[in-house]
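Read through the structure below, which is laid out as structure tokens, and then see the notes.
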Amino acid sequence: MSDRPANTPDIPHSSRLTELSRADGTLHELATRLLTVAERGLPRMLLPDGAGFVFTRAGRPSGAGSFVLEQRGTSIRYAAITALGARFLPADRQRAVLGGHTAEEFTGLLIERLPGVRNLGDAALIAWAAAETGHPKLSDALDRVALLDPPGRPQYTVEAAWVLSALAAARPLLDVEQRLAAARDRLLRARIGRSPLFPHATGPGLNPWFRAHIGCFADQTYPLQALARAHASGDDPQALAAADACATRICALQGEGGQWWWHYDARRGTLVEGYPVYSVHQHAMAPTALLDLAEAGGTDFGEPIRRGLRWMTEVPELARAGATEPMILDELGVTWRKVYRGDPKKAVRAARGLSTRLLPGLRLGALDAVFKPASVDRECRPYEFGWMLFAWLGSLPGGGER
């Protein structure tokens, strides 16, 4: 029986949901339930003027298992990601999610704010949204990206990946070949030795020495997605092979309960620290990247995607601890952010990062007995739902035809 409340809008048709339904009807119901939660939750994350989104909604227990949700901060980055996902909704539902605007109109509001944007990732996401919505000021958005991304300067891997995705999306609309080639080459060079995984930055100077070998989950999914999209927008077997190799490795390291782990040794392609497990990784980021890869002509990792999605309702970490708290709260329009160890100041991550730097492969297993992953972070952020819409309602242009 579906958990979707009565009188909720039908989920738009998508080939990805159709394939999920064929593979596992129960997970198809879960995905449609999550998409309904996203459409319910995003309007509650809008700023009062409807021109942007908060940074997070944080839950505070109010007794009897209920929560009071508090809005905190603002984020232009999360607004751009939301526009990228919301564009797959029908126009009237785009307006419901985006404060009365279509995705193109909302992207226009973000472009108007670009002169004040100082972060490369923020600018790249806005440019990506401009390309995907066909906004007439796409060229202006890409100019801002170029200004923030001078040649030869190391960048954080996630932001470098978003630059490539933006340029791949712009490719049918503008001449971006020279910039796209440079962005693609930068990502490929960022890898260390023969490892298929990506570090946290594309070059030295941005991370302390003891963490220079570490790459988080986002440092894998966004590059593999960008490289797959670069291939899909043209013909780049080397980029596709790099994306496939990265995906193959993170899928091989996936947890028995479907967990997409947090930190990796980018030199050796091994796991450094598994926790936290983030909901967005399970229901959105891994599906987004791996489905894009398959549609670009890469390997079909459907089974790992489904294992990861199943975690959202099974949550073995909480089950082992005897906890019954759900990660999905339909009526509140939230999915809780993560399950984590509760260690002070991310002590386990720090200890394992340093130990693996000094002695690769050493993970200090005794820490698992001391800091058990049974705490829930009761936050929900707009980008989580933006990527969820992107993952399950979208597809690559001509996806699956290569």
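The values are calculated or read from the model by the stated rules, or taken from the named source; none is laboratory data. Note that the structure is a prediction, hence the values are computed from the model and not measured. Because the Cβ atoms are built from the backbone with ideal geometry, glycine has one as well, and the counts that use them run over all protein chains shown. Side chains are part of the model used for accessible areas, which takes the heavy atoms of the whole protein and leaves out ligands, DNA and RNA. Shrake-Rupley method; radii C 1.70, N 1.55, O 1.52, S 1.80 Å.
Please specify each residue of the range 194-219 satisfying the condition of being of a type outside the set (Lys, Arg) and either touching a Gly at 6+ places or on another chain (Cβ under 7 Å) or part of a helix (DSSP H, G or I) (or both).
Ser195, Pro196, Leu197, Phe198, Pro199, His200, Trp209, Phe210, Ile214, Ala218, Asp219
Run Ala190 past the list (1) of a type outside the set (S, T, N, Q); (2) surrounded by fewer than 20 Cβ atoms within 10 Å (Cβ to Cβ); (3) modelled with pLDDT of 95 or more and report the number of the one that doesn't hold.
For Ala190, the exception is condition (2).
Of all residues in the range 88-99, which are assigned to a loop (DSSP other than H, G, I, E, B) and either aromatic (Phe, Trp, Tyr) or open to solvent by 40 Å² or more (accessible area, probe 1.4 Å) (or both)?
Phe88, Pro90
From the residues in the range 23-57 that are part of a helix (DSSP H, G or I), free of Cβ contacts under 8 Å to residues at least 40 places away in the same chain and over 19 Å from Phe390 (Cβ atoms), which one is least open to solvent (accessible area, probe 1.4 Å)?
Only one residue tops the list, namely Gly25.
Quick check on the range 288-333: of everything there that is of a type in the set (Gly, Ala, Ser) and on the phi > 0 side of the Ramachandran plot, which residue is farthest from the chain's Cα centre (by Cα)?
Filtering the range 288-333 for residues that are of a type in the set (Gly, Ala, Ser) and on the phi > 0 side of the Ramachandran plot, the one farthest from the chain's Cα centre (by Cα) comes out as Gly322.
Condition (residue is in contact with a helix residue (DSSP H, G or I) (Cβ under 6 Å, 6 or more places away or on another chain) and either at pLDDT below 60 or surrounded by fewer than 20 Cβ atoms within 10 Å (Cβ to Cβ) (or both)) applied to the range 379-395: is it met by at least one residue?
Checked the range 379-395: at least one residue is in contact with a helix residue (DSSP H, G or I) (Cβ under 6 Å, 6 or more places away or on another chain) and either at pLDDT below 60 or surrounded by fewer than 20 Cβ atoms within 10 Å (Cβ to Cβ) (or both).
For (1) in contact (Cβ under 8 Å) with a residue 12 or more places away in the chain; (2) hydroxyl-bearing (Ser, Thr, Tyr); (3) more than 21 Å from Thr270 (Cβ to Cβ), each residue gets a yes or a no:
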| residue | (1), (2), (3) |
| --- | --- |
| Ala181 | no, no, yes |
| Arg194 | no, no, no |
| Gln225 | yes, no, yes |
| Ala232 | yes, no, yes |
| Asp244 | yes, no, no |
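Can you confirm whether the range 272-287 contains a residue that is more than 19 Å from the chain's Cα centre (by Cα), of a type outside the set (Asp, Glu), farther than 18 Å from Trp387 by Cα and not in a loop (DSSP other than H, G, I, E, B)?
The answer is yes, given that some residue of the range 272-287 is more than 19 Å from the chain's Cα centre (by Cα), of a type outside the set (Asp, Glu), farther than 18 Å from Trp387 by Cα and not in a loop (DSSP other than H, G, I, E, B).
So which pairs qualify, if the first residue must be in the range 330-342 and open to solvent by less than 20 Å² (accessible area, probe 1.4 Å), the second must be charged (D, E, K, R), the Cβ gap must be under 6 Å, and the two must be at least 6 apart or on different chains?
Gly333/Arg40; Gly333/Arg44; Trp336/Arg378; Val339/Glu317
Take Ala284 and tell me if it is among the hydrophobic types (A, V, I, L, M, F, W, C), free of Cβ contacts under 8 Å to residues at least 24 places away in the same chain and farther than 16 Å from Leu396 by Cβ.
no
With respect to the numbered conditions (1) more than 19 Å from Leu187 (Cα to Cα); (2) surrounded by fewer than 24 Cβ atoms within 10 Å (Cβ to Cβ), which one is the sole condition not fulfilled by Ala130?
(2)
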